Structure formats: C-alpha cells, structure tokens
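Written below as structure tokens is the structure these notes are about.
What follows is calculated from the coordinates using simple rules that are stated; it is not laboratory data. Quantities reported herein were computed from a predicted structural model and do not represent experimental measurements. So basically every Cβ, Gly included, is an ideal-geometry build from the backbone, and we count neighbours across all protein chains shown.
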Amino acid sequence: MTSPLISVKNLTLRFRTDEGLVTAVNDVSFDIAPGEVLGLVGESGSGKSVTAKALMMLNAENSVYDDNSQITLRLDDEEIDVLSLKRPRDQMVIRGGAISMIFQEPMASFAPAISIGDQMIEQLLIHSDMTPAQAKEVSIEMLERVGIPEPAHRFKQYAFEFSGGMRQRAMIAMALSTKPRLLIADEPTTALDVTIQAQVIELMKDLVDEFHMSILFITHDLGVIAQTADRVAVMYLGNLVETGTVRQVINTPAHPYTRGLLNSLPKLDDLDAPLTPVPGDIPSPLDRPSGCVFHTRCVETGGIAEKCRTQIPGYTTDSSNHQVACHLATQEDQS
Amino acid sequence: MSKDILIAARDLSVHFPLRGLVFGERPVVRACEGINIEIEKGSFFGLVGESGSGKTTLGRAMLKAAPISHGEIVYSDHEVTYDLASLKGPELKDYRKRSQLIFQDPYAALSPRMTVRDIIAEPLEVMGLTSSREETDARVREIAAKCRLNLEHLRRFPHAFSGGQRQRISIARALVSGPNFIVADESVAALDVSIQADVLNLLNSIQQESGITFLFISHDLSVIAHTCDFVAVMYLGQIVESAPTSKLFSETSHPYTKALLSAIPSLDPDDQHVAQKLEGEIPSPINPPPGCRFNTRCPHAQERCRTEVPEWREMSSRHHVACHFSEELA
C-alpha cells in the first residue's frame, strides 16, 4: 500500500462558547489514499463539515484543537503538519494549494460583485506563477472542461447570471484549476435537482480519473455515497462510528446507527417496505451522552445496555479493515 | 366519473405578469399551463418535479393562494361545492378552514415569539372555531397528542425544538382546524433522512386515521413513491404523466419520468447502470419552447416534438401521459 495522502489522527476539536467548551469532533482518525474517494456520512450536527474544515484550518477563531490531534499531509517530497501552520502565509499551501473545497451553496460561495472569471484568475495568480493572460486561458479551459457552454463569454459574467447547476460546475472548475491533491466536497449536490445532481456526480467521477486526485465527499445521502465513494466513514455526534469500503458499509453495516440510516431510506425496489426512522433526535453537543454516544437512540442494545451507558466502545477491526465502534461487535468477536 | 373526487383542476393556468414591456407586450411567467388533475377523497396525491416546474404554484392555486388565470378548480366535499376562481367573502373563509398548508422549512414557518400552544391555537382563534379558552386548550392538547407533542412541549418556544419536532408542530397547526384537504409542500426536504422517515410515517398514519386528503409536493421521487398512492409528474408548468404509483414505476411512459427515475442514485455500489443523462437545465417559463416543452432536453425528440404540442391522453386506466411517442418508447 502506498502511504496515504493525508492522515488524521485523534482529531479532537472543541469550540469555546458562552455555554462552555462544546465538543464538535471527538477523537477522529482516518486516512485518505492518493486517488481515493472517501465518503463522510452523518446527520446534520454530526461534525462532518467541522472535520473537513479542520483539514484546511478553516474553523472559526474560537476553535480549540486538542494537543493529541494530528493532521499530516504528504506531498511529493515533504510532510506537512497541518495543525502547526499558524500564519496565513504558511497556510496558503493547504488553502487552495494542495487542498481545495467546494461548498454546498454555490451562490453563497462566489463574490456577487466580482465576475466569475476574475475570481478564477485571482486564485491562480496567488497559487501559481502564471501571468494574468495564462491564468485567463487556463480558467476558460477549465470552464469548458466542466461543460459550460460558451466559456469565453460566461467567463465575464457574474454568479447571479448562472443557474444553480452551472454555478456548481463553475465552483468545481475553480476548485480544480489549481490542480489540488485533495478536493473537499461539502454536500456539493444537496441544493441541486436530481437530474442536475446526476450530471455533477458524473463530472466529478470523470475528473477524479483525469486528475488522479483524492476527494473527501461529505453528504447525508447514502445513495450518492454508494455511487461515488471507494470508502465510507460514518459520523455521529462528533465520533466516527464505522469505516470501511463502500460495499462493506452499505451491504453489511456493522453499527446500529448505520443500519438505522439505511432502514430509514425509501427504497425504490420495494415500495411497501416500512420506513423505520432512527428514534429520537441527535442530542445536543453540549450534553453528550456518557458511554457510547449513540446509546440514547440505539434500538439494538439488548442485554448489554448497561455497558453502552457507561463504557465508551473502542474500535473493532476485522481482517478486511472494516472498523466499527460498538460493544455489540466486540461481543460477537468474543463469542 | 363515479369516483369520489375531492378537488379537481380543469385546464388550469396560472400566469404571473412581469413588469416592463417587451415589443409592446408584457412578458408573462407561465407557471402552470393547461393542468388537469383530479384528487380523490382520502388519497395521498404526490406531485413531483424539479425546482422551477411550478409544483408549488399549483399547490397554492389549489388553496386559492395563487391567481387562477384560466380554467377552473372545483372543490367538493359532502357539505359544500366551491369553484375556487370565483370564491370570496365568507365562503372563502370557510374554504380556509377546509384546506391547509404545511410548509417546507420548519425553521421559518413558526413564529419565534409564540409558544407552541399559541402557535397551534392561533387558527382556532382566528377562525373562531372554539368558543372558550377551555375548549381551545382541549382541542390543542388532543391534536398535539396526535403529533406526539406532550404538555411540556406546549409551553416552550420553537427555538427549543429540533427540525423533526418543529415539523410536527407545523403539522399540528395544519390539523387543528379539522381540514379535509392538506397541501404538504416539500415538508420533509429540510429534514435529515432518519427524521424524514418519522415525519412521513406520521403523515401516513394521520391520513389513515382521519381520511384527510393530501397533496404531497416533493422533488424526491423515492419519497413520493413510498408515501403516495397516486403520482403526477410536472415539468415546466405542465403535467407530463400521472398514474397510480405502482403503475408509474412499472409502466413509465414519459421520457422525463424515466430520466427522473434513473437519476436517483442507487444504494447498491455494484449497480453499474449509468444515469440516463439529461442535457442542460429546465428552460425559462417566460419563454417556454414551442411544441412539447420537454423537447430541448429529451433524448428522443423529433421534428414533430418541436412543432406540435402533445395531447394529454390516457394510456391505460387512470394512467395519462403527454408525449407523442410514449407507445414506441415504452
């Protein structure tokens, strides 16, 4: 196995608020290999976006990283300790250089009063030594590559003149024009219609092949994950509860929460199957449950409920690197 | 027809004139054009389409909350029959009691300054449905219990609730006046999947218990498939196909419905089927394409589609489609 492009180890992130320290991400570790698409799934409030932003140090001023947290980015000839980059000048290598990000709401991600083209040129001038003329040429090429008709004309337009799907394409073109090694896509298709979503997903798959970059794909839609990701990590209330290949997680989910998510999805091939919601709501991060964070909503605890309330489950890993944090899984191993 | 129709639209159009003149004419947004639907009593009627297809406008027209430019909507329960286009005064007030709306965003739909009890009681007070405070309270409690809200919840303000709970409050508010007809406009779109299933189950059980007729608007065909017994597919202001749910999925006839179905990402990672890609995006409803409105994106479009408007015809019992070539494409 080649060494991973980025390794996250024991990432714990808290926010200082008026109500005290709020834990948003708790002891999360994962790797992304070069060319791999890692899907990060979870409900709103599970800490997906905060985890992703940590990779680029984009979290707000009031964030506190735990001392054990470590994020290592491996480029061709050097290892970068991401969390040690304090000055904006040093952070340029991760912000838009080696890592780019696409956000959920493409209208909010473009400056409304600067043309799309000028915004694309600006970042190329910062991250490469191109001349403005070269940057313009590259930008128009990228717009064409993502399927925007009349790119030279569109280049001069503003975000409001683009439709939703086109804005997301322009966003992708912009994120990819600096040739990043890792693309973070935070719910890139959630605001789009299904037909446009299908176009964007296909485009992203093509681009992964073409540029051989890694993607951290954040979404709450398991269908989108099944069609795009190589590996999946499931998050709940700041904890990683299960990781594995997309087939392992979707075909043989090991954590009750993953099973709950899958059961609550409407399935098209069996219209009469009942929808089983995960009972209750995600607890407030101010008031994290003791023991297993999922025990308040878990329906499968059975005879070991007491253990779930008091002990934090460790990770169990099977031979094919399918990891799960659940007491039930540990029990099965012993029996 | 012998079926018991609660509300029906016939040749309905909703147009919104824009400001300004183009070549001496005022441009018009044709949000809905030539819509024919019949919603049976006690059914769960699904309306699906992309953003900009006019589904919300149609839903609002059904509640007389959007202007009816042409055609008619007739509402008829066992007590009254109303022609919505000419409805006004006390009759309109009465129709407001019989029809209700559940909104998409439960964070925006509830006043942050009112307690949950006051939010649910407001329709009763505005419509004068109860005569005393005790009666109002009893009714609020009864409805709240149905939507799984307890007495403790009624004293709180909306900010203390999660998305799923807020949506249950919106549902309680819609139910409190005892309506016969509810339009649920994207009511689960803002919720997480785990919560979404809970709200869908709640709507289904309400419908089975009380026999309320629902018009369920959504962009998500898999959600529609699970909850509704009849589905209409909308594209650019027109209904392109409508059928009972199982039929729509087994005998899909319109190319747009097929594309929508194939665009839903499959949960099976080994499913190699490639989404039948639709090129481009939905055109502007100010200047819809001539002929079949879908011809600019349809993979099977021919000359005839660009000139001749397809007729709304019956393929089989209760299955209608507007496409010249649905037999050949089936």
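So what's the net charge close to B:P289: Lys and Arg +1, Asp and Glu -1, counting the other residues with Cβ under 10 Å from its Cβ?
Net charge around B:P289: +3.
Which one of B:A65, B:A172, B:A232 has the biggest mean-square fluctuation once chain B is modelled by GNM with Cα springs under 10 Å?
Between B:A65, B:A172, B:A232, it is B:A65 that shows the largest mean-square fluctuation.
Quick one: length gained pulling B:L21 to B:A189 fully straight, 0.36 nm per residue minus the C-alpha distance?
56.8 nm
Pick out, from A:L286, A:T296, A:I312, the residue whose Cα sits farthest towards the positive end of the charge dipole of the range A:256-334, with +1 on the Cβ of Lys and Arg and -1 on the Cβ of Asp and Glu.
After comparing all options, I get A:L286.
What FRET efficiency comes out for A:D129 versus A:T190 if R0 is 35 angstrom and r is the Cβ-Cβ distance? Round to the nearest 0.05.
The calculated FRET efficiency here is 0.45.
What translational diffusion coefficient, in µm²/s and rounded to a whole number, does the Stokes-Einstein relation yield for the protein assembly as shown at 10 °C and a viscosity of 1.306 mPa s, taking the hydrodynamic radius as the Kirkwood radius over Cα pairs?
Using the Kirkwood radius from Cα pairs, D works out to 58 µm²/s.
For a quick check, take a GNM of chain B with Cα springs below 10 Å and name the residue from B:R19, B:R30, B:R306 with the largest mean-square fluctuation.
B:R19
Pulled fully out, how much extra length does the chain show between A:E141 and A:I312, if you take 0.36 nm times their separation in residues and subtract their Cα-Cα distance?
Stretched fully, the A:E141-A:I312 segment lengthens by 56.4 nm.
Given 0.36 nm per residue, what is the gain on full extension from B:D11 to B:E209 after removing their alpha carbon distance, in nm?
Using 0.36 nm per residue and subtracting the Cα-Cα distance, I get 68.0 nm.
Determine, for A:I80, B:I212, the number of other Cβ atoms within 10 Å of each Cβ, and report the residues in order from fewest to most.
A:I80, B:I212
Rounding to the nearest 10 and keeping the result within 0 to 90°, find how far the Cα-based axis of helix A:116-127 lies from the longest principal axis of chain A.
80 degrees
Can you show me the helix-derived [θ] at 222 nm for the protein assembly as shown, built from DSSP H runs with n ≥ 4 at -39,500 (n - 2.57) apiece and divided by the number of residues, rounded to the nearest 500.
The helix contribution divided over the protein assembly as shown gives -9500 deg cm²/dmol.
Filter the GluC sites (Glu not before Pro) in the range B:1-106 to those in DSSP coil with at most 13 other Cβ atoms within 10 Å of their Cβ, and list the result. Can you show the working numbers first?
On the way: sites: B:E25, B:E33, B:E38, B:E40, B:E50, B:E72, B:E79, B:E91; in loops: B:E50, B:E79.
Qualifying residues, ordered by number: B:E79.
If you add up the charges near A:V64, with Lys and Arg at +1 and Asp and Glu at -1, over every other residue whose beta carbon is less than 12 angstrom from its beta carbon, what do you get?
Result for the local shell: -1.
Out of the range A:125-207, which trypsin sites (Lys or Arg not before Pro) are coil in DSSP terms and have no more than 12 other C-beta atoms within 10 Å? If you can, show how the numbers build up before the last one.
Working: sites: A:K136, A:R145, A:R154, A:K156, A:R167, A:R169, A:R181, A:K205; in loops: A:K156, A:R181.
In loop regions of the range A:125-207 (DSSP not H, G, I, E or B), the sparsely surrounded trypsin sites (Lys or Arg not before Pro) are A:K156.
For A:K267, B:K55, what's the fewest-to-most ordering of other Cβ within 10 Å of each Cβ?
Least crowded to most crowded, the residues run A:K267, B:K55.
Just to compare against my own numbers: the Cα pair-distance distribution for chain B, 20 Å bins, whole % per bin, please.
P(r) for chain B, in whole percents per bin: 29, 55, 15, 0.
Give, to the nearest whole percent, the P(r) tail of chain A beyond 26 angstrom, counting all Cα pairs. Could you put the intermediate results ahead of the total?
Values: 28701 of 55945 pairs.
It works out to 51 percent of all Cα pairs.
Could you check how many percent of all C-alpha pairs in the range A:111-179 are farther apart than 20 Å?
16 percent
Which angle from 0 to 90°, rounded to the nearest 10, does the C-alpha axis of helix B:89-98 make with the longest principal axis of chain B?
Once rounded, one gets 90 degrees.
Relative to the Cα centre, what is the charge dipole magnitude of chain A, using +1 at the beta carbon of each Lys and Arg, -1 at the beta carbon of each Asp and Glu, and rounding to the nearest 20 debye?
Computed charge dipole of chain A: roughly 420 debye.
Pairs of alpha-carbon atoms within less than 8 angstrom and 6+ residues apart define the contacts here; what relative contact order does chain A have, in percent?
19 percent
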